[in-house]
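To start, the structure itself, in C-alpha cells.
Every number here is computed from the coordinates shown, using simple stated rules; none is lab data. Quick caveat: nothing in here was measured; it's all calculated off a predicted structure. Ideal geometry is used to build each Cβ from the backbone, glycine not excepted, and the neighbour counts take in all protein chains shown.
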Amino acid sequence: MNPTSPTKAPWLTIYVVAYVLFLYLPIAIIPLFSFNNSIQAAFPLSGFTLEWYRSLFDNENLHRAFQTSLIVGVSAAFLATSIGVTVGYMEVAGGDRASRLISALCRLPILIPGVIVGIALLILVNLAGLGPSRMAIVLGHTLVALPTAVVIMRGRFSSLPRSFSEVAMDLGAHEWTTFRRIVLPLAAPAIASSFMLSFLTSFDEFIVAFFLSGTEPTLPLFVWGQLRFPKALPSVMALGTFILLASIVIATGAEIIRRRGASNDELPVTTPRPLPIS
Amino acid sequence: MSVSVDSASALPAASERQRRLFGIGMRAPGALATSVLVLFALGVVLFLGFRTNDGSLLGGAFTLDNFKTALTDPLYATVILRSLAIAGFVTLATVVTAYPVAYYLAFHAGKHRGLLLFVVTLPFWTSYLLRVFAWKVVLAFNGVLNSALLVTGITSEPILAFLNTPAAVVVTLAHAYAAFAILPIYVALENVPRSLIEAAEDLGARPTSIFRRIILPISMPGVMAAALVVFVPTVGDYVTPALVGGPNSTMIGSMIQAQFGKANDWPFGAALSVIVMLVILAVVAIARVADKRFGSKT
C-alpha cells in the first residue's frame with residue numbers, strides 16, 4: 001500500500017462514497033418530498049403532485065421576501081467585493097503593515113459566531129439611529145461575505161505576474177491608471193466569482209438577518225417563519241428546492257469562472273487556509 | 001525591480017502626491033469597514049457587557065454582575081458547559097470522519113481530485129437553514145428515517161429518540177460543517193513530502209508506521225485548523241439547537257438570542273457574547289501553541 005501511487009484502496013473508496021452520500025442524502029430529501037402528495041414527509045411516497053409549487057406562485061409575502069433578498073444580496077455583494085478588491089490589492093501590491101492588518105481584520109469574521117455578529121451589529125445600527133432595516137442587513141451581510149471576497153481577490157492578485165504593472169509604471173502610467181487599466185481587467189473573473197459567492201452568502205444567510213431585519217424579511221427569514229406551521233412544510237420544501245437549485249447554479253458558475261481566471265489553483269475558495277490567526 | 005525603484009525616485013512631486021492619494025484611497029474602504037463593523041462593533045459589545053440593564057441602549061452604570069451571574073448561576077454555567085461539550089463532540093466527529101476523505105483526496109483521487117473537491121464543498125454553499133430543516137424532517141417522529149425503518153421492517157414502531165436530543169444536534173452540526181474540516185486537512189496532506197514517504201518505504205517501514213510517524217504528524221497543523229474552523233461556528237450556533245435540539249439542548253447562542261429578544265436584557269446578552277469570544281480566543285491560542293509544537297517536530 002504505497003500512498004504515493006494511485007493504487008486502489010477499496011475500503012477507503014467505499015468510505016468516501018458513503019461520506020459523499022451522507023453529505024447529499026439529507027439535502028436530497030427536500031426536492032424528493034416537494035413532489036410528494038402528502039403533508040407528512042414520510043415513506044412510502046404517496047403520489048406525485050405539483051400542488052406545492054403552485055402554492056408558491058400566489059404568495060405575496062414570499063414574493064416580497066424574494067425581492068428583499070435580491071436587493072440585499074446585490075448590495076452586500078457589491079460592497080463586499082469592492083472592499084475585497086481594494087484590501088486584496090493593497091495587501092499584495094503594498095504589502096505594508098497597515099494593509100496586512102486591514103486584510104486580517106477583514107478575515108476575522110470567520111472567527112465570530114453568527115449570533116455575535118448579529119447582536120453586535122444590532123447594537124451598532126441602533127446607536128447609529130438606523131435601527132433594524134434592509135440597510136442594516138446589507139451591512140451585516142457585507143461583513144459576513146467579506147472574508148470570502150478578500151480571500152478570492154488576494155489569491156487572484158498574488159497570482160498576477162508583477163511584471164505587467166511594473167512595465168506600465170515604467171512607461172509612465174500612474175498607480176491608479178495601472179490599477180484600472182491593467183490589474184482590474186486581469187482580475188475580472190475573480191471579481192465576478194467574488195460577487196457571485198458574496199451574493200450567495202447573503203442570499204442563504206439567516207442568523208445575522210434574523211437580528212437585523214425590520215419589517216421586511218429576507219427569504220431565509222420567510223422560510224423560518226413558515227417552519228412554525230406543519231401544514232406549510234411541503235410548500236417550504238418546494239421553495240427550498242428552488243433555493244437549493246439557485247445556490248448550486250451560482251456556486252458552480254462562480255467556481256468555473258474562477259478556475260478559468262486562475263488555472264493554477266484547483267482548490268475551492270472555501271478552503272480556510274488563510275486563517276486570520278497567522 | 002531596481003529599474004522601477006529608480007524611476008519612482010525620479011518622479012516629480014505631483015506624481016508622488018498622486019501615489020500617496022492612491023494608497024490612502026485604496027486603504028480607505030477596508031479601513032472604514034473593519035474599524036466600524038469589526039472593531040467598534042465588538043468594542044461596544046464588550047462595553048455593554050459591563051453595564052447595568054436600565055432599558056437604555058448603552059445601559060445605566062458600570063457593573064461586574066453580568067459576568068458574575070453568567071459564570072456562577074448554575075443555569076448559565078450548565079448551558080455554557082453544554083455548548084462546549086456539544087461543540088467539542090462535533091469538532092471531534094467532524095475531524096475524525098473528514099480525515100480519511102482528505103487522505104483519499106491527497107493520495108488516491110488521481111485525476112478526479114478537482115471534481116471530488118468541488119463535490120465535497122458544494123453543500124457548504126447551500127442554505128444552512130435548509131440543511132438543518134432537512135435533518136428535522138429526517139429525524140422527526142413521523143419522519144423520513146423512522147418511516148423508512150418501518151417500511152423496510154427494521155423496526156416495528158417509530159423510535160422516539162432521534163429528534164430533540166443533543167445527539168441530533170451533534171449529527172446535524174457535523175453534517176453542516178463537514179467541508180470545513182476536509183479542506184484544511186487536505187491542504188496539509190498535500191504538503192507531506194513524497195520523498196519522505198518513499199525513503200521510509202525503502203528503509204522497510206510498514207504502512208501503519210509511515211502513517212503514524214510521518215503523515216499524521218505533518219498533517220497536524222491542518223487538523224488543528226480544521227478543528228478551529230468547525231468549533232467556532234458550532235459553539236455559538238442558534239439554528240440547529242432551535243430546530244432539532246429540543247429543550248435539553250439549549251446552547252449559548254440561543255441564550256444570547258433570548259437576551260436580545262424575550263428577556264430584553266442586552267447587557268447580559270453582551271456579557272454572554274464576550275464569554276463566548278473569550279472561549280474562542282482561548283481555543284485559538286491552544287491551536288496556535290499546538291501548531292507550533294507539531295511544527296517544530298518536522
### Task
Evaluate peptide B:252-260: per residue, the Cβ atoms of other protein chains within 10 Å of its Cβ; return the mean as an integer.
3
### Query
Counting partner chain Cβ atoms within 10 Å of every residue's Cβ in B:130-142, what's the average?
6
### Query
Can you give the direction-averaged projected area of the convex hull of the alpha-carbon atoms in the stretch A:63-261, in nm²?
12.6
### Task
Would you tell me the mean number of C-beta atoms belonging to other protein chains that fall within 10 Å of each C-beta in A:77-85, as a whole number?
2
## Note on the structure
Rounded to the nearest 500, the 222 nm mean residue ellipticity computed for the protein assembly as shown from DSSP H runs (n ≥ 4, each -39500 (n - 2.57)) alone is -22000 deg cm²/dmol
### Under the Karplus curve 6.51 cos²θ - 1.76 cosθ + 1.60, θ = phi - 60°, whole-Hz ³J(HN,Hα) for the stretch B:113-124, x wherever Gly or Pro sits
4, x, 5, 5, 4, 5, 4, 6, 8, 4, x, 4
### Task
Using θ = phi - 60° and the Karplus relation 6.51 cos²θ - 1.76 cosθ + 1.60, list the HN-Hα couplings for the stretch A:57-69 in order, rounded to whole Hz, with x at every Gly or Pro.
6, 10, 9, 4, 4, 4, 5, 5, 4, 4, 4, 4, 4
### Query
Hey, got a sec? Which chymotrypsin sites (Phe, Trp or Tyr not before Pro) in the stretch B:82-178 land in a DSSP loop and have at most 16 other Cβ atoms within 10 Å?
B:Phe141
### Query
In whole angstrom, how long is each semi-axis of the equivalent ellipsoid of the protein assembly as shown, when you take the square root of 5 times every eigenvalue of its Cα gyration tensor and sort them from largest down?
38, 32, 26
#### Entry: Dmax and Rg, reported as Rg then Dmax, of chain B (C-alpha, Å)
25.2, 87
## Note on the structure
Put in order of increasing Cβ neighbours within 10 Å, starting from the fewest, A:Asp58, B:Asp291 give A:Asp58, B:Asp291
### Task
Convert each backbone phi in the stretch A:38-54 into a coupling constant with the Karplus relation 6.51 cos²θ - 1.76 cosθ + 1.60 (shift: θ = phi - 60°), then list the ³J(HN,Hα) values in order as whole Hz, x for Gly and Pro.
7, 5, 7, 7, 8, 7, x, 4, 9, x, 8, 8, 10, 3, 5, 6, 4
### Task
Please identify every one of the trypsin sites (Lys or Arg not before Pro) in the stretch A:1-94 that sits in a loop by DSSP and has no more than 14 other beta carbons within 10 Å of its own beta carbon.
A:Lys8
### Summary
Which residues qualify? For B:Arg51, with a placed amide H closer than 5 Å and at least 5 residues away or on another chain, they are B:Thr63
